Amino acid sequence: MVRRAASAGLAVVALTDHETDAGVAEAAAALPAGLSLVPGAEISCAQHVHLLAYLYNPAEPALAAELARLRTSRDGRGRRMVIQLQAMGVPVEWGAVQAIARGAPVGRPHVAAALVDTGAASYAEAFSDRWLGYGGPAYVGKPSFDPAHVVALVRAAGGVAICAHPGGRKGTSDDTLSRMAGAGLQALEVDHPEHDASTRRRLRSLAADLGLFATGGSDYHGTRKDVSLGSETTDPEVYAALVSAATGSAPFTR
Ligand SMILES: [Zn+2]
């Protein structure tokens, strides 16, 4: 990932896997000269909120415990999706899902890939309401942690808290965003591939109203999503302000 970021001409890249920063050490060790790495995680919260947590202290116990709880419940969720698929007559095995996830917290993309491997559905069909899509027979919801509570935990761990893609398919309500702002949220991810021009304008003015920064990110997901690394970026001045606000850890550089 960091080699791809350097080839894309980026000066800074953030690594934010869901519910884990387990890849950070490997990425830091492989960091090309001239590229800075911001460690972090993307945390699933209630109301479909995804919270980007950057530069927190990974040893801070309250946040670490919350992340561990989320990872454990993700495995339970993955197992329940497999059981639902088996009940639908699909020969999916939990072991196959784990092999695809290769030690990462299990998410729907891993279950979907195992479903595709059985030949029962294409990857796009797997995410429809015929299978694992929201409302589909094999869909299982994620556990709910109140987004404002998670913002407070990230800040207490010295981290930077940013609401990811608030105008995406399952948008975040202005009420929720203002509650998160009250708990210490620092920015909205305004520039995101799922946001059209009018959504960006609306979110930029909402961020200003709430006293928050506006950031950008490509939400690059490897080959599983059709976006290119670095297609959306964060203003260097905003980046510097967020880094100086963080007390939990610092970006890696070489
Ligand atoms: Zn997300």
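Bear in mind these aren't lab numbers, they're just calculated from the coordinates by the rules spelled out. If you're wondering where the values come from, they're calculated on a predicted model, not measured in any experiment. Every residue, glycine among them, receives a Cβ derived from its backbone with ideal geometry; neighbour counts consider all protein chains shown.
General observations
- Every helix of 4 or more DSSP H residues in the chain counts as -39500 (n - 2.57), and over all residues that averages to -12000 deg cm²/dmol at 222 nm.
- Taking a ≥ b ≥ c as the square roots of the eigenvalues of the alpha carbon gyration tensor, segment 66-174 is prolate, as a/c is not under 1.5 and a/b beats b/c.
- Long-range amide H partners of V12 with built H, under 5 Å: S36
- Against the chain, whose longest principal axis is taken from its Cα atoms, helix 108-117 shows a tilt of about 40°.
- Which of Y56, Y239 has the fewest Cβ neighbours within 10 Å, and the rest in rising order: Y239, Y56
- In Hz, Karplus ³J(HN,Hα) per residue of segment 37-50 (6.51, -1.76, 1.60; θ = phi - 60°; x = Gly, Pro): 10, 9, x, x, 8, 9, 10, 6, 10, 5, 6, 6, 6, 10
- A dipole drawn for the chain from +1 and -1 charges on Cβ atoms has a positive end, and of C45, G248, V140 the residue lying farthest that way is V140.
- Local net charge near A99, Cβ-Cβ under 13 Å (Lys/Arg +1, Asp/Glu -1): -1
- When only alpha carbons are used to place a centre, segment 160-211 and segment 38-106 end up 24 Å from one another.
- Ascending count of other beta-carbon atoms within 10 Å, so fewest first, for H195, H165: H195, H165
- Angle in degrees between helix 61-87 and the longest Cα principal axis of the chain, rounded to the nearest 10: 30
- Taken about its Cα centre, the chain carries a charge dipole of about 360 debye when Lys and Arg each add +1 at the Cβ and Asp and Glu each add -1 at the Cβ.
- Principal-axis tilt of helix 236-245 within the chain, Cα atoms, nearest 10 degrees: 90
- For the chain, the share of DSSP beta bridges that are antiparallel, to the nearest 5, is 45%.
- Neighbours of R77, meaning other residues whose beta-carbon lies under 9 angstrom from its beta-carbon, give a summed charge of +4 when Lys and Arg score +1 and Asp and Glu score -1.
- Relative contact order %, the chain, counting alpha carbon pairs below 8 Å whose residues are six or more apart: 22
- The string of couplings for segment 5-11 from the Karplus curve (6.51, -1.76, 1.60, θ = phi - 60°) is 5, 5, 5, 6, x, 7, 8 Hz, one whole number per residue in order, with x for Gly and Pro.
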